[in-house]
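Peer 1: I'd like to ask you about the structure that follows.
The values are calculated or read from the model by the stated rules, or taken from the named source; none is laboratory data. On a predicted model such as this, the values are computed, not experimentally measured, just so you know. Glycine also receives a Cβ, built like all others from the backbone with ideal geometry; neighbour counts cover every protein chain displayed. These accessible areas exclude ligands, DNA and RNA; they are computed on the full protein's heavy atoms, side chains included. Shrake-Rupley method; radii C 1.70, N 1.55, O 1.52, S 1.80 Å.
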Amino acid sequence: MDTSMKIQTAAVHGGTRKDDTFGAINTPIYMTSNYRIPTDGSPVDWSGINSNIYSRNRNVNQMVIQDKLCAITGAEACAVFASGVAALAGVFITFLNSGDHAVVSKVCYSATNLLFKKYLNEKYNIEVTFVDTTDTEAVRSAVKSNTKLIHVETPGNPTTGICDIDEVSKIAHGSNALLSVDATFAGAVCIFPLKHGADLELHSMTKYINGHGDSLGGCVMGKAELINQIKELAMVNFGGILSPFNAWLISRGLITHPLRMKQHSESALAVAEFLEKCSAVRFVCYPGLKSHPNYDRAVKLMNGQYSGMMSFDIIGDEKAHQKFLDSLKLITHAVSLGDVESLIVYYDKNSDKLPYYPEIYRKGFFRFSIGLEDPDDIIKDIKHAMETCGIL
Ligand code: PLP
């Protein structure tokens, strides 16, 4: 593959398999569970990851995404899964054994937290220490002789905290541990964790990579030596593979990923600047604002585009918050993020997640995913909802 392609060119051309039978220039959807096995007596690697035998071993549409993502990010190899959680679990089960220890971001997606706290710990005797991974010294102090993995989210879900990947990778490698970075909040083009020393970069492709809110998927990128281990265990033997149809949808979405991230980032900055100046807002946290607690790191690690994710809160009591949500017309109150449409989710003050977050978040707050609507219309919707609930 031509590794000198610029990002947008790689998004269009990377990985595509043209159809030799009919000359179609797009990759068809290979809805097949089986492939014909050669009868020439050559050996068959039944559990292999590099042969076309069965769609759980390898599938053409999965390969398109894997190669496209490698062309975009410069990663050596990529494995795709049926969901972001399947990709996360794939990494954890591949590199952690009973008796090992992991250092994990205390601000992270709830399933990551639960996987470590409950299942990996209680069922498989994998020890975990949750720390604030935006605090490099806290990470250093948490590492033990049996630490095999440091897992961070950057930007973190939902507070958008940024970990110093350069420094934390040195800590990991100094202790013979791997560093995995879940960069879902930034998509695959605003931040390049592998270039800053991370061993593995993960994404819920359900979010920005697919970008259209119509399919679940997950991916992990890194050196082939690591990715092949994940494929063998988590894809072939645990089986959480991505279906050809969803793979096709995601590879279609991925073509416009760099363009979408540009617009998400530009619109999010405009909305964040509006919120920062608005008298009805208690706080706003967006990596592209100078007021963000890790702004300098965001400038160092991100490419001048800060993605579309922010957290903020309005003034007013619980009733005002509910009314605000009820009054939004364009912006939808729904989970997930990275969609073409703006999505907002409210963590009320009773949410069991609040103790994990910095003090300012503990009264409750909104996580806001800025979509591809015109930012003027997004701001108009917010202003109208604030006026309706009497805080503006
Ligand atoms: N990682 C992050 C940061 C997420 O926000 C999510 C889902 O919201 C996931 C992983 C899990 O992804 P999926 O829902 O595709 O399993």
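Peer 1: Regarding Cys78, is this residue over 15 Å from Leu242 (Cα atoms) and assigned by TED's automatic domain parsing to the domain that holds Val220?
Peer 2: In short, no.
Peer 1: Yes or no: the range 176-189 includes at least one residue that is open to solvent by 10 Å² or more (accessible area, probe 1.4 Å) and away from the ligand (no atom under 16 Å from the Cβ).
Peer 2: yes
Peer 1: Let me ask something else about it. Exactly one of these conditions fails for Tyr124: (1) more than 18 Å from the chain's Cα centre (by Cα); (2) within 16 Å of the ligand (Cβ to nearest atom). Give me its number.
Peer 2: Among (1) more than 18 Å from the chain's Cα centre (by Cα); (2) within 16 Å of the ligand (Cβ to nearest atom), Tyr124 violates only (2).
Peer 1: Moving on to the next point. Go through the range 284-311 and count every residue that is within 24 Å of Val335 (Cα to Cα) and in contact (Cβ under 8 Å) with a residue 60 or more places away in the chain.
Peer 2: 11
Peer 1: Continuing with the same structure: Quick one: in the range 141-172, which of the residues that are touching a Phe, Trp or Tyr at 6+ places or on another chain (Cβ under 6 Å) and assigned to a loop (DSSP other than H, G, I, E, B) is farthest from Phe185 (Cα to Cα)?
Peer 2: For the range 141-172, the residue satisfying everything is Thr159.
Peer 1: Would you mind stating whether Ala75 is under 25 Å from Leu194 (Cβ atoms) and in a loop (DSSP other than H, G, I, E, B)?
Peer 2: yes
Peer 1: Scanning the range 303-348 for residues that are within 16 Å of the ligand (Cβ to nearest atom), open to solvent by 30 Å² or more (accessible area, probe 1.4 Å) and among the β-branched types (Val, Ile, Thr), which turns out nearest to the chain's Cα centre (by Cα)?
Peer 2: Checked the range 303-348; the qualifying residue nearest to the chain's Cα centre (by Cα) is Val335.
Peer 1: Read through the list (1) more than 16 Å from the ligand (Cβ to nearest atom); (2) in contact with a strand residue (DSSP E or B) (Cβ under 6 Å, 6 or more places away or on another chain); (3) open to solvent by less than 30 Å² (accessible area, probe 1.4 Å), then give the number of the only condition that Val64 fails.
Peer 2: (2)
Peer 1: Right, next: Under the condition of being assigned to a loop (DSSP other than H, G, I, E, B), touching a residue at least 40 places away in the same chain (Cβ under 8 Å) and more than 10 Å from the ligand (Cβ to nearest atom), which residue from the range 210-228 is surrounded by the most Cβ atoms within 10 Å (Cβ to Cβ)? First the steps, then the outcome.
Peer 2: Initial filter on the range 210-228 (assigned to a loop (DSSP other than H, G, I, E, B)): 210-217, 223.
Restricting the remaining residues to those that are touching a residue at least 40 places away in the same chain (Cβ under 8 Å) gives 210-213, 216-217, 223.
Narrowing the set further to residues that are more than 10 Å from the ligand (Cβ to nearest atom) leaves 211-213, 223.
Details: Gly211: 27, His212: 15, Gly213: 18, Lys223: 13.
Only one residue fits best here, namely Gly211.
Peer 1: Next question. Of the conditions (1) charged (D, E, K, R); (2) within 16 Å of the ligand (Cβ to nearest atom); (3) touching a His at 6+ places or on another chain (Cβ under 9 Å), Lys106 satisfies every one except a single condition; which number is it?
Peer 2: Failed condition: (3).
Peer 1: Given Leu88, Leu114, which one is without any contact (Cβ under 8 Å) to a residue 24 or more places away in the chain and within 14 Å of the ligand (Cβ to nearest atom)?
Peer 2: Exactly one of Leu88, Leu114 is without any contact (Cβ under 8 Å) to a residue 24 or more places away in the chain and within 14 Å of the ligand (Cβ to nearest atom), namely Leu114.
Peer 1: Moving on. The conditions are (1) free of Cβ contacts under 8 Å to residues at least 12 places away in the same chain; (2) within 16 Å of the ligand (Cβ to nearest atom), and His151 fails exactly one of them. Which is it?
Peer 2: (1)
Peer 1: Against the definition (open to solvent by less than 20 Å² (accessible area, probe 1.4 Å), of a type in the set (A, V, I, L, M) and over 26 Å from Gly15 (Cα atoms)), how does Ala270 come out, yes or no?
Peer 2: Answer is no for this residue.
Peer 1: Would you be able to say whether some residue in the range 134-148 is in the same structural domain as Leu216 (by TED's automatic domain parsing), within 16 Å of the ligand (Cβ to nearest atom) and open to solvent by less than 10 Å² (accessible area, probe 1.4 Å)?
Peer 2: Checked the range 134-148: no residue is in the same structural domain as Leu216 (by TED's automatic domain parsing), within 16 Å of the ligand (Cβ to nearest atom) and open to solvent by less than 10 Å² (accessible area, probe 1.4 Å).
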